[in-house]
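Asker: Below are the structure tokens for one structure; questions will follow.
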Amino acid sequence: MVDVTVPKALRQQAIWCQAFDSPFTAELCDTMADDFDAGGIIADLTGDWPTHPIQDALALRLAGALHAIVLSEPEGRLAQVWPQKGRAWSMAEAWPAAAETLRTREHWVRDFLKSPPQTNEVRRAVGLWPGLCAAAEAFDGPMDVLELGASAGLNLNMDHFHYDGGSWTWDSPIAGPRVALSTQWSGPAPRFPAHAAIRHRAACDQNPLNAASAEDRLRLRSYVWPDQPERLERVNAAMEIARAQSIKPDAQDAGAWIAEKLASRGKDALTVIYHSVFFQYPPQAVRDAITHAIETEGTRATAKAPLAWLRFEPGGILGRAQDGASMTLELIEWPSGRKRVLADIDPHGRFVHWHGA
């Protein structure tokens, strides 16, 4: 028995969207909740939702479906009232068009709602790349990286991005589409060792998206909130890099995948496992399997083949106090066994409080 109603889930998402600077998506979610209560199209689409609507991110599925239609039909009625490219919007105009679109495209929308959102948040790299460099400081050999829950694997190419922390910058020496990431940084500047470079990169996801697929690119773009065009620009540029690099994560359970990868990892390199806002989603048994595989390999790590685990997750899932919506960036290293909290960081990378490596 699910004890959270669909309207409650929609209103909760509205609060989160407001906190993360998307007033349009916040008002859209509140309006969809009102429509459900009035017995409208949202009630028809989701009234029999069988599982937990918050855990399933049902609000984001609905908002993503509408944004996908806007992106794929730029001259359509819905696109004319949606906040594309910073255009002013009014929910009084947007919702009637949205409700009509949901009704006329109901079969397609129901199919879209079957898949969970894929939010490949590129700006999380403002914490992940300094974190990888912190792991690489004490080892001057090559670095191999393994990402869990990677969606389309856009952040596998974080060494291709350009970073601006206000008091510091780091520019990728790799040519290609420009992904420019800025953040509100506090604390000491991160260190970027000259030898820090990724040799091999791999990733997994239960339902990976492929940046080479037009359908998958549309799905990735659709989950970006439409009143945040700069996020859409970053995702578009990151997808171009992923396409050029032929990046596609493996479709596999994270527990089994990481065990296989660690069993065959290089004996001449630093191996870094990392993930961002992922660890809260797998069942406890899968989290235990991942932890066991990594910690067991940690006991085998040597000075010539060290191991590191970089975690960008809610503090609560890491056994730490949860500070509002802020995430914890934690690094565990072997063979030393050292564990460090590197930063407190916003889930969307808007701010980073760096504690220093």
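Asker: Between beta-carbons, use under 12 Å as the cut-off and find the net charge around ILE345, counting Lys and Arg +1, Asp and Glu -1. Write out the running numbers ahead of the final one.
Answerer: Details: positive: ARG123, ARG124, ARG311, ARG350; negative: GLU121, GLU313, ASP323, GLU330, ASP344, ASP346.
Residues near ILE345 contribute -2 overall.
Asker: Full extension from TRP108 to GLN252: what is 0.36 nm times the residue separation minus their Cα-Cα distance, to one decimal in nm? Spell out each step's value before the answer.
Answerer: Values: separation 144, 0.36 × 144 = 51.84 nm, distance 2.70 nm.
Difference between extended and current length: 49.1 nm.
Asker: May I pose another question? Taking the Cβ of PRO116 as the center, what net charge do the other residues with Cβ under 12 Å away carry, scoring Lys and Arg +1 and Asp and Glu -1?
Answerer: Working: positive: ARG61, LYS114, ARG219; negative: ASP56, ASP205.
Overall, the nearby charge balance is +1.
Asker: Among HIS292, HIS160, which comes first, second and so on when ranked by fewest other beta-carbon atoms within 10 Å? Spell out each step's value before the answer.
Answerer: Values: HIS292 13, HIS160 23.
So the residues, fewest neighbours to most, are HIS292, HIS160.
Asker: If R0 is 41 Å, what FRET efficiency do you get for HIS200 and GLN12 from their C-beta distance, rounded to 0.05? Write out the running numbers ahead of the final one.
Answerer: Values: r = 40 Å, r/R0 = 0.99.
The pair HIS200/GLN12 has a calculated efficiency of 0.50.
Asker: Select from VAL272, THR101, LEU232 the residue farthest towards the positive end of the dipole of the chain; place +1 on Cβ of Lys and Arg, -1 on Cβ of Asp and Glu, and compute about the Cα centre.
Answerer: VAL272
Asker: Still on this structure, I have one more. Multiply the residue separation of THR291 and HIS353 by 0.36 nm, subtract the distance between their alpha-carbon atoms, and state the gained length in nm to one decimal.
Answerer: 19.7 nm
Asker: Give me ILE54, ILE345 ranked fewest to most by other Cβ atoms within 10 Å of their Cβ, as a rough exposure proxy. Walk me through the intermediate numbers first.
Answerer: Working: ILE54 16, ILE345 24.
Placing the least packed residue first, the sequence is ILE54, ILE345.
Asker: For the range 268-331, report the % of Cα-Cα distances exceeding 20 Å.
Answerer: 32 percent
Asker: How large is the charge dipole for the chain, taken about the Cα centre, if only the Cβ atoms of Lys, Arg (+1) and Asp, Glu (-1) carry charge, to the nearest 20 debye? List each step's numbers first, then the result.
Answerer: On the way: 35 positive and 44 negative charges, 183 e Å.
So the magnitude is around 880 debye.
Asker: Still on this structure, I have one more. Order by neighbour count: ARG265, ARG103, ARG287, fewest other Cβ atoms within 10 Å first, most last.
Answerer: Working: ARG265 20, ARG103 13, ARG287 17.
In increasing order of surrounding Cβ atoms, one gets ARG103, ARG287, ARG265.
Asker: Once you charge only the Cβ atoms, +1 for Lys and Arg and -1 for Asp and Glu, what is the size of the charge dipole of the range 6-112 about its Cα centre, to the nearest 20 debye?
Answerer: On the way: 9 positive and 15 negative charges, 45 e Å.
For this selection, approximately 220 debye.
Asker: Another question, if that's okay. With a sphere of radius 13 Å drawn around the Cβ of ARG77, what net charge do the other residues whose Cβ falls strictly inside it have (Lys, Arg +1; Asp, Glu -1)?
Answerer: On the way: positive: ARG103, ARG105; negative: GLU73, GLU75, GLU93, GLU100.
Net charge in that neighbourhood comes out at -2.
Asker: Would you work out which of VAL6, GLN80, HIS355 lies farthest towards the positive end of the dipole of the chain, given +1 charges on the beta-carbon of Lys and Arg and -1 on that of Asp and Glu, about the Cα centre?
Answerer: HIS355
Asker: Sticking with this one: Could you tell me what fraction of 2.2 N^0.38 Å the Cα radius of gyration of the range 75-222 comes to, as a two-decimal ratio? Numbers along the way, then the final one.
Answerer: Details: Rg = 19.9 Å, N = 148, 2.2 N^0.38 = 14.7 Å.
My calculation over the Cα atoms of the range 75-222 gives 1.35.
Asker: Test of understanding: what is the full-extension gain from SER72 to ALA325, defined as 0.36 nm times their sequence separation minus their Cα-Cα distance?
Answerer: Values: separation 253, 0.36 × 253 = 91.08 nm, distance 3.24 nm.
Length difference between fully extended and current span is 87.8 nm.
Asker: Something else about it: Which cross-chain or sequence-distant (5 or more) residues have an amide H under 5 Å from the amide H of SER182, H modelled 1.01 Å from N in plane?
Answerer: Amide H neighbours of SER182: ASP164.
Asker: Now for a separate question. Please compute one quarter of the surface area of the Cα convex hull for the chain and express it in square nanometres.
Answerer: Hull-based average projected area comes out at 17.6 nm².
Asker: Explain nothing, just the number: dipole magnitude of the range 204-341 about its Cα centre with +1 on each Lys and Arg Cβ and -1 on each Asp and Glu Cβ, in debye rounded to the nearest 20. Please list the in-between numbers first.
Answerer: Working: 18 positive and 18 negative charges, 75 e Å.
Dipole size: approximately 360 debye.
Asker: Next question. Is it possible to state the helix-based mean residue ellipticity at 222 nm for the chain, with each DSSP H run of 4+ residues giving -39500 (n - 2.57), the sum divided by total residues, to the nearest 500 deg cm²/dmol? What is it?
Answerer: Working: 12 runs with 138 residues, N = 357.
Result for the chain, helices only: -12000 deg cm²/dmol.
Asker: Taking the Cα centre of each part, how many Å lie between the range 323-344 and the range 1-36?
Answerer: 32 Å
Asker: Can I ask one more? Could you tell me which of the pairs LYS8/LYS85; LYS85/LYS248; LYS85/LYS339; LYS85/LYS261; LYS8/LYS261; LYS114/LYS339 are separated by over 32 angstrom between their Cα atoms in the structure shown? Walk me through the intermediate numbers first.
Answerer: On the way: LYS8/LYS85 30 Å; LYS85/LYS248 29 Å; LYS85/LYS339 43 Å; LYS85/LYS261 42 Å; LYS8/LYS261 41 Å; LYS114/LYS339 39 Å.
Beyond 32 Å: LYS85/LYS339; LYS85/LYS261; LYS8/LYS261; LYS114/LYS339.
Asker: Another question about this same structure. Sorted from largest down, give the three principal axis spans of the alpha carbons of the range 6-112, whole angstrom values.
Answerer: Cα extents, longest axis first: 35, 32, 22 Å.
Read-outs: derived from the displayed coordinates by stated rules, not from any lab. Only a predicted model underlies this, so the values are computations on that prediction, with no experimental measurement involved. Here Cβ is always computed from backbone atoms with ideal geometry, including for glycine, and neighbour counts include all displayed protein chains.
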